[in-house]
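Worksheet for the structure shown next.
The values are calculated or read from the model by the stated rules, or taken from the named source; none is laboratory data. Keep in mind the model is a prediction, meaning the values are calculated, not measured. Backbone-built Cβ (ideal geometry, glycine too); neighbour counts: all protein chains shown.
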Amino acid sequence: MKAGILEAAGGGSPSRDMLRLTVVDIRDETHDVKTFVFRPDGGVPAYIAGQSMTLKLELAGEALFRTFSLASAPDGSDTIAMTIKAHAKGRVTRWLHDRLKAGAQLDAHSPRGRFTIDSRRTDRLALVSAGSGASPLMAMLRHLATTEPGIDIHWLHAARTPRDVLFGRELAALQAKMPRLRVSILVSRPEPGWFGFGGRLGRRLVSVAVPDFARREVFCCGPAGFMDETRLVHAAEGGGRELFHIEHFASGAPPSPPAVPADAPAQGYAVRFGDKQFTAQPGETLLQAATRQTIVIPCGCASGMCGTCRVSLVSGAVDMQHDGGISPEEEAQGYILACSSRPKSDVAIAL
Ligand SMILES: Cc1cc2nc3c(=O)[nH]c(=O)nc-3n(C[C@H](O)[C@H](O)[C@H](O)COP(=O)(O)OP(=O)(O)OC[C@H]3O[C@@H](n4cnc5c(N)ncnc54)[C@H](O)[C@@H]3O)c2cc1C
Ligand code: FES
């Protein structure tokens with residue numbers, strides 16, 4: 001966790017890069033996962049395999065922001081892709097699956113995120129996913145298939161049933177091209193005829209599937225419990241903490257406010273956000289305060305990791321405690337993460 005008091009440097013607010021995307025293809029991956037292929041106006045922006053983009057949608061008059069990993073690799077093509085699971089009651093993913101058609105246009109923020117293949121330190125990897133968490137890992141694998149096809153990789157994927165397994169056919173094709181790519185698939189509800197692993201991820205299963213797990217650098221994405229368990233197994237087997245990277249897909253709801261800091265004024269601080277004005281209660285983050293007023297600040301992980309909630313601090317000071325979702329360069333440019341910043345004075349922020 002990185003912490004610090006940040007004060008606005010003044011001199012205006014940088015605006016976030018926005019892109020216009022045209023849908024060029026939509027293909028089924030499983031019964032509830034589709035891959036959406038987009039062509040960005042003005043060409044594909046620079047990105048690193050593993051990064052994500054935030055889509056902005058207007059649904060029923062309301063602006064909604066959702067972050068999705070790029071499943072594509074930056075390979076010189078003029079398109080990018082996102083592999084998205086439809087949540088039964090999810091507002092945006094249901095709409096994307098049911099209503100979005102080829103030819104439609106969407107707005108998005110340019111790619112961001114620190115869960116990238118460039119952060120690896122070693123040449124012996126394990127890409128571990130559950131469900132649609134396979135998406136950023138597939139971007140990394142596709143990238144490595146082009147740049148380092150001889151690299152030593154273990155792909156470990158967990159799904160609910162055999163029909164939920166993602167990218168099966170493509171993995172088989174990649175194995176023909178990548179001689180040291182091994183693939184282990186685990187389903188929690190095996191069916192007759194299933195020859196992969198059955199059950200839940202745990203130490204015994206990992207030691208059979210990936211015997212040298214502790215000596216591998218792990219990139220992991222899936223539900224929080226799955227990632228916790230994977231991290232515990234890696235650590236218990238002797239894996240170093242610096243060799244374990246995670247991406248949180250957790251969505252939107254800001255966590256409840258923490259205990260009130262001793263130096264916070266009883267009435268809170270005034271926050272100006274564009275033409276809106278509201279008060280942050282003592283101890284609240286900017287995201288929590290905005291959400292309480294039904295003011296939308298784009299949000300992904302709500303825990304300082306993904307960078308979706310990046311805003312610029314126009315004036316005032318905040319205490320920011322994040323988990324890698326913003327770079328020192330961005331901080332120097334006056335950006336902060338709304339989910340991880342508590343006002344230390346009256347503040348003005350902008351997107
Ligand atoms: C960095 C990052 C990368 C991501 N990458 C991907 C990706 O590559 N692919 C992907 O599929 N997702 C990805 N996500 C998750 C994605 O951003 C969305 O959070 C997710 O798809 C759900 O969006 P939604 O609008 O459909 O659901 P929301 O409307 O936000 O609902 C969230 C959850 O609550 C449940 N829910 C909503 N309303 C109700 C209700 N009334 N009763 C019960 N349950 C309810 C929904 O079923 C859903 O599971 C990523 C998230 C982050 C932060
Ligand atoms: S929402 Fe992910 S860093 Fe704030």
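With respect to residue 124, is the statement that it is within 19 Å of the chain's Cα centre (by Cα) and of a type in the set (Lys, Arg) true?
Working: within 19 Å of the chain's Cα centre (by Cα): no; of a type in the set (Lys, Arg): yes.
Taking the combined requirement at face value, the residue does not satisfy it.
Give the number of residues within the range 110-131 that are of a type in the set (Ser, Thr, Tyr) and buried (at least 24 other Cβ atoms within 10 Å of the Cβ).
First, pick out the residues of the range 110-131 that are of a type in the set (Ser, Thr, Tyr): 110, 116, 119, 122, 129.
Retained after the next criterion (residues that are buried (at least 24 other Cβ atoms within 10 Å of the Cβ)): 129.
Total satisfying the criteria: 1.
Scanning the range 132-161 for residues that are small (Gly, Ala, Ser), out of contact with any Cys (no Cβ under 9 Å at 6 or more places or on another chain) and surrounded by 15 or more Cβ atoms within 10 Å (Cβ to Cβ) gives 139, 145, 158, 159. In the range 68-104, the residue that is nearest to residue 164 (Cα to Cα) out of those that are in contact with a strand residue (DSSP E or B) (Cβ under 8 Å, 6 or more places away or on another chain), at pLDDT 95 or above and of a type in the set (Lys, Arg) is 85.
On the given criteria, is residue 270 over 27 Å from residue 85 (Cα atoms), surrounded by fewer than 22 Cβ atoms within 10 Å (Cβ to Cβ) and modelled with pLDDT of 90 or more? Against the criterion (over 27 Å from residue 85 (Cα atoms), surrounded by fewer than 22 Cβ atoms within 10 Å (Cβ to Cβ) and modelled with pLDDT of 90 or more), residue 270 qualifies.
Okay, residues lined up against (1) under 22 Å from the mean Cα position of the chain (by Cα); (2) under 30 Å from residue 323 (Cα atoms); (3) assigned to a loop (DSSP other than H, G, I, E, B):
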site: 149; (1), (2), (3): no, no, yes
site: 169; (1), (2), (3): no, no, no
site: 189; (1), (2), (3): no, no, yes
site: 201; (1), (2), (3): yes, yes, yes
site: 230; (1), (2), (3): yes, yes, no
site: 239; (1), (2), (3): no, yes, yes
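When residue 60 is tested against (1) assigned by TED's automatic domain parsing to the domain that holds residue 33; (2) of a type in the set (A, V, I, L, M); (3) at pLDDT 95 or above; (4) over 22 Å from residue 309 (Cα atoms), just one condition goes unmet, and that condition is (3). Can you confirm whether residue 77 is outside any strand (DSSP E or B), free of Cβ contacts under 8 Å to residues at least 60 places away in the same chain, more than 16 Å from ligand 2 (Cβ to nearest atom) and of a type in the set (Ser, Thr, Tyr)? Spelling it out, residue 77 is indeed outside any strand (DSSP E or B), free of Cβ contacts under 8 Å to residues at least 60 places away in the same chain, more than 16 Å from ligand 2 (Cβ to nearest atom) and of a type in the set (Ser, Thr, Tyr). The set of residues in the range 60-97 that are surrounded by fewer than 17 Cβ atoms within 10 Å (Cβ to Cβ) and within 11 Å of ligand 1 (Cβ to nearest atom) comprises 64, 87, 88, 89, 90, 91, 94, 95. Against the numbered list (1) away from ligand 2 (no atom under 16 Å from the Cβ); (2) on the phi < 0 side of the Ramachandran plot; (3) over 13 Å from the mean Cα position of the chain (by Cα), residue 103 comes up short only at (2).
Residues being away from ligand 2 (no atom under 16 Å from the Cβ) and at pLDDT 95 or above: count how many of those fall in the range 47-57.
Of all residues in the range 47-57, those away from ligand 2 (no atom under 16 Å from the Cβ) come to 47-49, 57.
Subset that is at pLDDT 95 or above: 47-49.
Matching residues across the range 47-57 total 3.
Screening residue 233 with (1) modelled with pLDDT under 90; (2) β-branched (Val, Ile, Thr); (3) within 30 Å of residue 213 (Cα to Cα) gives one miss only, at (1). Restricting to the range 319-341, and then to whatever is away from ligand 2 (no atom under 13 Å from the Cβ) and touching a strand residue (DSSP E or B) at 6+ places or on another chain (Cβ under 6 Å), can you tell me which residue is nearest to residue 303 (Cα to Cα)? In this case the residue turns out to be 319.
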